[in-house]
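Novice: Quick one: the structure is below, and I'll ask about it shortly.
Just so it is clear, none of the values below were taken in a lab; they were calculated from the coordinates. Remember, predicted model here, so these are calculated numbers, not experimental data. Note that we place each Cβ from the backbone using ideal geometry, even for glycine, and neighbour counts take in every protein chain shown.
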Ligand code: FAD
């Protein structure tokens with residue numbers, strides 16, 4: 001390709017599409033390169049879509065985006081091997097005109113998102129892999145090399161939206177490779193069921209949706225979580241744990257998924273379903289302390305490639321869309337001032353990101369990943385078992401006086417963690433949460 005572009009965006013996931021769309025809408029000449037057969041063909045998500053962040057990019061997206069169900073209920077489950085303790089929040093308020101969260105299927109959604117990018121005027125090149133970044137004699141990124149013949153293309157700035165692995169950035173020495181204790185490996189299955197079966201099992205009607213986030217003994221003492229999300233005619237189910245924990249324990253993601261779907265609280269939701277899709281993907285979970293350099297001479301990095309993922313709230317796609325949009329806004333501002341795309345000028349992107357919920361939220365939880373990782377046996381095994389025993393003791397009516405029941409529960413907690421351990425854990429958790 002001989003042409004020169006204002007910007008090249010590598011990747012057509014949530015962050016890449018947000019960046020390419022914003023740049024193209026602002027009238028910049030944009031080339032977006034995606035290695036998959038089509039946008040979304042390589043991408044994996046649970047998937048909850050957060051409407052607010054998409055609305056900032058495509059205000060009328062509800063008219064034609066492939067949405068599954070709008071969420072009216074969110075369930076949080078703490079699980080042991082036979083039980084779950086649930087906190088469920090359901091509200092009629094979520095049956096609003098412009099719902100706040102939806103389930104989606106990424107392969108369909110990304111395709112639609114990409115069509116908006118094309119409509120805005122960007123050139124979208126699929127089935128093309130960027131193999132290297134091109135730098136000038138001063139180390140400034142000036143373009144990319146692709147796996148196509150004569151595939152070197154130049155631009156004023158390259159937006160790296162290449163996802164969690166970030167191979168290009170690593171290869172070009174712009175960042176380190178994500179460490180195994182900063183990324184989770186997640187596996188996901190799609191279970192197909194008739195629409196009315198899903199609605200009966202999840203207690204919903206029409207396009208209402210329910211999601212379940214689950215933690216506890218299902219991750220076998222490793223730092224990780226599971227999820228069950230209701231789509232229109234399928235249920236997405238998955239589980240993920242830190243890569244370093246898999247290395248240490250020898251557990252396999254597939255075994256965890258098998259155990260999760262056979263759990264007595266989960267199995268009835270899936271009974272009789274047909275599994276049609278299976279996928280595995282990494283999730284950046286290192287939080288604030290794992291964020292690499294976000295900009296440099298001729299480049300910015302966005303989304304999962306920048307490790308922008310809030311594991312505590314299971315948010316990733318919204319951070320990806322927001323970082324992609326803000327990077328594009330910053331590039332546009334630099335371009336409008338006719339300034340060069342230098343590190344000094346692109347710092348604007350970092351400033352905008354620092355002012356947004358993205359960095360504020362990640363900063364808030366900055367100590368949480370390390371705490372959950374070092375205390376994973378306690379938080380994912382010991383406490384879920386104690387909670388379950390306590391609740392069972394509380395609800396079971398067997399003639400034991402209530403005072404004795406309370407003493408038994410207290411003894412169990414102190415025997416498992418000691419008083420110092422209990423207070424220490426509560427203090428550490430509260431401090432990491434604040
Ligand atoms: P991606 O979506 O990974 O896109 C990167 C793109 O770059 C891909 O299309 C890839 O093919 C392309 N690419 C990579 N390298 C090259 C190259 N060299 N050349 C050309 N193209 C390249 N987030 C939520 O908000 N809600 C959820 O419910 C949720 N659930 C999740 C469940 C699972 C199992 C997983 C794995 C993640 C989940 N996430 C969720 C996180 C969310 O999926 C990510 O945060 C989001 O997809 C990040 O978008 P991205 O554009 O940065 O990266």
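Novice: Using packing as a proxy for protection, rank 291-302, 176-187, 407-418 so that the peptide with the highest average count of other Cβ atoms within 10 Å comes first.
Specialist: 291-302, 176-187, 407-418
Novice: Can I ask one more? Taking 8 Å as the Cα distance limit and 6 or more residues as the minimum spacing, I'd like the relative contact order of the stretch 1-134 as a percentage.
Specialist: Worked out over the stretch 1-134, it gives 36 percent.
Novice: A further question follows. Would you please classify the overall shape of the stretch 181-284 from the alpha carbon gyration tensor, given that a ≥ b ≥ c denote the square roots of the eigenvalues, rounded means a/c under 1.5, and beyond that prolate means a/b larger than b/c while oblate covers the rest?
Specialist: Taking the square roots of the gyration eigenvalues as a ≥ b ≥ c, the stretch 181-284 is prolate.
Novice: For the chain, what does -39500 (n - 2.57) per DSSP helix run (n ≥ 4), summed and divided by total residues, give at 222 nm, in deg cm²/dmol to the nearest 500?
Specialist: Roughly -11000 deg cm²/dmol at 222 nm, from the helical runs in the chain.
Novice: Each label point is 7 Å from the Cα along the Cα-to-Cβ direction; what then is the distance between the points at residue 262 and residue 428, in nm?
Specialist: Taking the simple label geometry, residue 262 and residue 428 are separated by 3.3 nm.
Novice: Take the alpha carbon atoms of the stretch 365-392, find their center, do the same for the stretch 157-234, and report the distance between the two centers in whole angstrom.
Specialist: 20 Å
Novice: Modelled label-to-label distance, residue 111 and residue 370, 7 Å Cα→beta-carbon offset: nm?
Specialist: Result: 4.5 nm between the two label points.
Novice: Of the peptides 230-237, 18-25, 351-358, how do they stack up when ordered by the mean number of other Cβ atoms within 10 Å, highest first?
Specialist: 18-25, 230-237, 351-358
Novice: Rg to Rh for the chain: what is it, with Cα atoms only and Rh by Kirkwood?
Specialist: Result: Rg/Rh = 1.01.
Novice: With just the Cα atoms defining each centre, how far is the stretch 58-79 from the stretch 265-337? Give it in Å.
Specialist: Cα centroid to Cα centroid, the span is 17 Å.
Novice: Tell me the label-point distance for the pair residue 38, residue 274, using the 7 Å Cα-to-Cβ offset, in nm and rounded to one decimal.
Specialist: Label at residue 38, label at residue 274, 2.1 nm between them.
Novice: First measure r as the distance between the Cβ atoms of residue 289 and residue 247, then evaluate 1/(1 + (r/R0)^6) with R0 = 35 Å and state the FRET efficiency to the nearest 0.05.
Specialist: Efficiency, rounded to the nearest 0.05: 0.95.
Novice: Given the Cα-Cα distance of residue 201 and residue 342 and 0.36 nm per residue of separation, how much length would full extension add, in nm?
Specialist: Computed gain between residue 201 and residue 342 is 45.3 nm.
Novice: On a 0 to 90 degree scale, rounded to 10, what angle separates helix 317-336 from the longest Cα axis of the chain?
Specialist: Approximately 20 degrees, to the nearest ten.
Novice: Please work out the FRET efficiency for the pair residue 148 and residue 416, using the Cβ-Cβ distance as r and a Förster radius of 41 Å; give the result to the nearest 0.05.
Specialist: Taking R0 as 41 Å, the efficiency between residue 148 and residue 416 is 0.10.
Novice: Consider all pairwise Cα distances in the stretch 368-433 and report the whole-number % of them above 19 Å.
Specialist: Every Cα pair in the stretch 368-433 considered, those over 19 Å come to 39 percent.
Novice: What number, in percent, do you get for the relative contact order of the chain if the mean sequence gap of Cα pairs under 8 Å and at least 6 apart is divided by its residue count?
Specialist: Relative contact order of the chain: 20 percent.
Novice: Please figure out what share of the DSSP beta bridges in the chain is antiparallel and state it in percent, rounded to the nearest 5.
Specialist: If I count the DSSP bridges inside the chain, around 70 percent turn out antiparallel.
Novice: Now for a separate question. Show me the ranking of peptides 90-97, 29-36 by mean Cβ neighbours inside 10 Å, starting with the highest.
Specialist: The peptides rank, most packed first, as 29-36, 90-97.
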